[in-house]
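Report on the following structure.
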Amino acid sequence: MIRYKCLVALFLLGLSSSSLAQRPLDDVLDDAKVQEGLALIDSSRELTANQLVQIGGIISPSGQEHERANAVAELMRQAGLQAVQVTDSPNAIGRIPGNSGKAIIFVATLDDLATVAEHQRAAATPPQIEGDRVVGPGTNTSLTTIALISAARALVSQNLKPEHDIVFAAVAQEETGLKGMRALYEEYKDKAIAFVDVLGEGNGISYGALGIHWWRVHAYGPPGHTLRGGLPNVNQGIARAVDRILQIRDPQLYEDRRTRLNVAILNSGAVFNHKPETGWFSLDIRSLDPEHIESMETQTREILASVTDDLGIRFEMEPVSQTPPGQIPGALQSSLVQDSLAISEYLGNTPNLSNAGSANLNVAIAGGTLAIGISSERGGRRGFADEWADIPVLQRTAKNVFLTAISQANAR
């Protein structure tokens, strides 16, 4: 316990020391160049909306982001970012260089849901600007990427020189295991002051990470016609396993730790008169604490083994996505979180604070690096053919990134 307290004290000292290299928000907002940069974001509304039309219209489901990554990289170059590259992930990354050897990294999601890609392929036209909206599949998530580029353009235009590198990254495969973020973190973890996961304008601010493990539990048994089938039956095995899994008590015992367990999908069989040979069900396990996640997974495996012994139905657990949990001591009191609160309020929001984020920021927090997620509604109908993005939200998101970058990177 003494050793833990010492480590926490040292960490908090590090947070306090790093704040010496950050620019007070009041000083930032009093700077004429900063106000000019905010005005530029406002005046670039048409350009920004058209860039969202361009990027949002590129089909980019997880694992197939290369075309969108290359297009984002080109917009980064046009905005004046340096050392722009598309990595193997593929992540699109650009930066404004500082001189300290440290960096503040802003992250947006590059990929879309598979259903979004289906709607994009079926769409008769690319996204369209309609008043305060950009309407069309692919626009909602891409709003955050365009907000990064708009903020970067404003920073470069004002010739603000940061002490720390300001890195902008659009990362791949967020929907399928945070793979792009994992690669980005490995590249920057040794020099990162913090990561900012940009999910919206800042109505919500997350500074901790909720662990989420998704599994597909496969079941296997002998097939047969109804007249000759008999038992065992895959559906009987699935039903018995699901019933027992949903009785695991951890969610009731540790509800205050956001501990949850859910079975949402049951899948087996195709016709009335045959019993299936295979089937599967989904398993969604969540908690702020890794030991509770491990406990529920261990109990699940024990239940599956027991059902196999009872019925002869065999099971396999296939990991689908694993978002790691974590908490950073002192994060709530850090200048990053406190400045983010103040910036969101300056932009007209009343943000909600949470220690249970569940997106790209989880990778950094689980690795021991300070990170926040700034979020909000970005529009509506995500995943539907009439998906849309809100242009005023895009503008405020860009301003939030712009101000956070100046403050945290000590740009002058």
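The values are calculated or read from the model by the stated rules, or taken from the named source; none is laboratory data. In this text, all values refer to a predicted model and were calculated from it rather than measured experimentally. A quick note on method: Cβ atoms are made from the backbone with ideal geometry, for glycine too, and the neighbour counts reach across all protein chains shown.
Candidates in the stretch 152-179 are the residues that are charged (D, E, K, R) and at pLDDT 95 or above; of these, the one that is surrounded by the most Cβ atoms within 10 Å (Cβ to Cβ) is Arg153. Just to check your reading of the model, which residue among Arg3, Arg23 is surrounded by fewer than 16 Cβ atoms within 10 Å (Cβ to Cβ), at pLDDT below 95 and charged (D, E, K, R)? Just a single option satisfies the conditions, and that option is Arg3. In the stretch 279-292 there is at least one residue that is of a type outside the set (Ser, Thr, Tyr), out of contact with any Pro (no Cβ under 7 Å at 6 or more places or on another chain) and without any contact (Cβ under 8 Å) to a residue 12 or more places away in the chain. Of the residues making up the stretch 198-242, those that are charged (D, E, K, R) and either modelled with pLDDT under 95 or not in a strand (DSSP E or B) (or both) are Glu201, Arg228, Arg240. Please verify whether the stretch 137-151 includes one or more residues that are more than 20 Å from the chain's Cα centre (by Cα), modelled with pLDDT of 95 or more and of a type in the set (A, V, I, L, M). No, that holds for no residue.
Can you report the number of residues in the stretch 328-352 which are in contact with a Gly (Cβ under 8 Å, 6 or more places away or on another chain) and either over 19 Å from Val107 (Cβ atoms) or without any contact (Cβ under 8 Å) to a residue 60 or more places away in the chain (or both)? Give the steps one after another, and end with the answer.
Here is the first cut: in the stretch 328-352, the residues in contact with a Gly (Cβ under 8 Å, 6 or more places away or on another chain) are 328, 331, 340, 343-344, 347, 349, 351-352.
Remaining after also requiring either over 19 Å from Val107 (Cβ atoms) or without any contact (Cβ under 8 Å) to a residue 60 or more places away in the chain (or both): 347, 349, 352.
Of the residues in the stretch 328-352, 3 are in contact with a Gly (Cβ under 8 Å, 6 or more places away or on another chain) and either over 19 Å from Val107 (Cβ atoms) or without any contact (Cβ under 8 Å) to a residue 60 or more places away in the chain (or both).
Comparison of Thr369, Thr397, Thr404 shows that the only residue that is out of contact with any Lys or Arg (no Cβ under 9 Å at 6 or more places or on another chain) and of a type in the set (Val, Ile, Thr) is Thr404.
For the stretch 281-296, the condition of being out of contact with any strand residue (DSSP E or B) (no Cβ under 6 Å at 6 or more places or on another chain) and closer than 29 Å to Leu29 by Cα holds for none of the residues. Checked against (1) among the polar types (S, T, N, Q); (2) surrounded by fewer than 18 Cβ atoms within 10 Å (Cβ to Cβ); (3) part of a helix (DSSP H, G or I), Ser295 meets all criteria but (2). Among the residues of the stretch 243-262, those that are surrounded by fewer than 17 Cβ atoms within 10 Å (Cβ to Cβ) and not in a loop (DSSP other than H, G, I, E, B) comprise Asp243, Arg244, Gln252, Leu253, Glu255, Asp256, Asn262. Is it the case that some residue within the stretch 123-131 is at pLDDT 95 or above, buried (at least 24 other Cβ atoms within 10 Å of the Cβ), touching a helix residue (DSSP H, G or I) at 6+ places or on another chain (Cβ under 7 Å) and part of a loop (DSSP other than H, G, I, E, B)? Taking every residue of the stretch 123-131 in turn, at least one turns out to be at pLDDT 95 or above, buried (at least 24 other Cβ atoms within 10 Å of the Cβ), touching a helix residue (DSSP H, G or I) at 6+ places or on another chain (Cβ under 7 Å) and part of a loop (DSSP other than H, G, I, E, B).
Within the stretch 260-280, track down each residue that is touching a His at 6+ places or on another chain (Cβ under 9 Å) and either closer than 20 Å to Met317 by Cα or of a type in the set (Lys, Arg) (or both). Hits for the stretch 260-280 are Lys275, Thr278, Gly279, Trp280. On the stretch given as the stretch 174-198, residues that are over 10 Å from the mean Cα position of the chain (by Cα) and closer than 20 Å to Val84 by Cβ total 11.
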